[in-house]
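What follows is one structure encoded as C-alpha cells, with my remarks underneath.
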Amino acid sequence: VQLQACGGGLVQAGGSLRLSCAASGYTFSRYAMGWFRQAPGKEREFVAAITWSGASTGYADSVKGRFTISRDNAKNTVYLQMNSLKPEDTAVYYCAADRQTTGWTSSIFVYDYWGQGTQVTVSS
C-alpha cells in the first residue's frame, strides 16, 4: 500500500495550492479518505475527509469555506484544493485511507494507511 502526496510548496497569504494524493496497492474506491496536517510542535489534526463515493465530505472549522476535498476513483487520487491560505495553515499535510468507516471520520485513530506528507508554507 502506498499513498503519495504532492503539491505542497511556498505560497503567499491569500494564495492557493492544490494537493494530490495518489494511492496504490489497495482498492481505493472502497476507502474513505482524509487529509490531516501537523505544524511544528503541534499534534496532527484533522483537515478534511470524503466518503468512498465522494458523496459526502467534512471539514475542520478552521478550513471550512476555504478548502475543498475531492476524489477521482478512476485515477485512485484524492485532492485538497486550498484557497485563501493563511500563515496558520503552514504544516506538513498528510493523506490517509480509512476502510472501517461507512461515511467519513475526523478521528486520526481510525485511518489505516498514511502518506509521507507534503510541506505547505504560507508566508505573511
(message) Looking at segment 91-107 only, could you name the residues that are more than 19 Å from Arg18 (Cα to Cα) and open to solvent by less than 50 Å² (accessible area, probe 1.4 Å)?
(response) Asp98, Thr101, Gly103, Thr105, Ser107
(message) Between a residue in segment 1-14 that is touching a residue at least 12 places away in the same chain (Cβ under 8 Å) and any residue that is among the aromatic types (Phe, Trp, Tyr) and not in a loop (DSSP other than H, G, I, E, B), which pairs come within a Cβ distance under 6 Å, given they are 6 or more apart or on different chains?
(response) Val1/Tyr113; Leu3/Tyr113
(request) Select from segment 54-89 the residues that are part of a loop (DSSP other than H, G, I, E, B), farther than 19 Å from Ser20 by Cβ and either acidic (Asp, Glu) or in contact (Cβ under 8 Å) with a residue 24 or more places away in the chain (or both) and list them in ascending order. (result) Ser56, Ala60, Asp61, Ser62, Ser84, Lys86
(message) Can you tell me which condition Thr57 does not meet? The list is (1) open to solvent by 50 Å² or more (accessible area, probe 1.4 Å); (2) closer than 16 Å to Val122 by Cα; (3) in contact with a strand residue (DSSP E or B) (Cβ under 6 Å, 6 or more places away or on another chain), and all the others hold.
(response) (2)
(request) Take the residues in segment 60-78 that are open to solvent by 30 Å² or more (accessible area, probe 1.4 Å) and small (Gly, Ala, Ser), then tell me which one is nearest to the chain's Cα centre (by Cα). (result) Ser70
(request) Look at segment 90-124 and say how many of its residues are outside any strand (DSSP E or B) and either among the polar types (S, T, N, Q) or in contact with an Asp or Glu (Cβ under 7 Å, 6 or more places away or on another chain) (or both). (result) 13
(message) Take the conditions among the small types (Gly, Ala, Ser) and part of a loop (DSSP other than H, G, I, E, B) and apply them to Gly41. Does it pass?
(response) yes
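The values are calculated or read from the model by the stated rules, or taken from the named source; none is laboratory data. Only a predicted model underlies this, so the values are computations on that prediction, with no experimental measurement involved. Methodologically, a virtual Cβ is constructed for each residue, glycine included, from the backbone with ideal geometry; neighbour enumeration extends over all protein chains shown. Note: accessible area is taken over every heavy atom of the protein model, side chains too, but ligands, DNA and RNA are not part of it. Shrake-Rupley method; radii C 1.70, N 1.55, O 1.52, S 1.80 Å.
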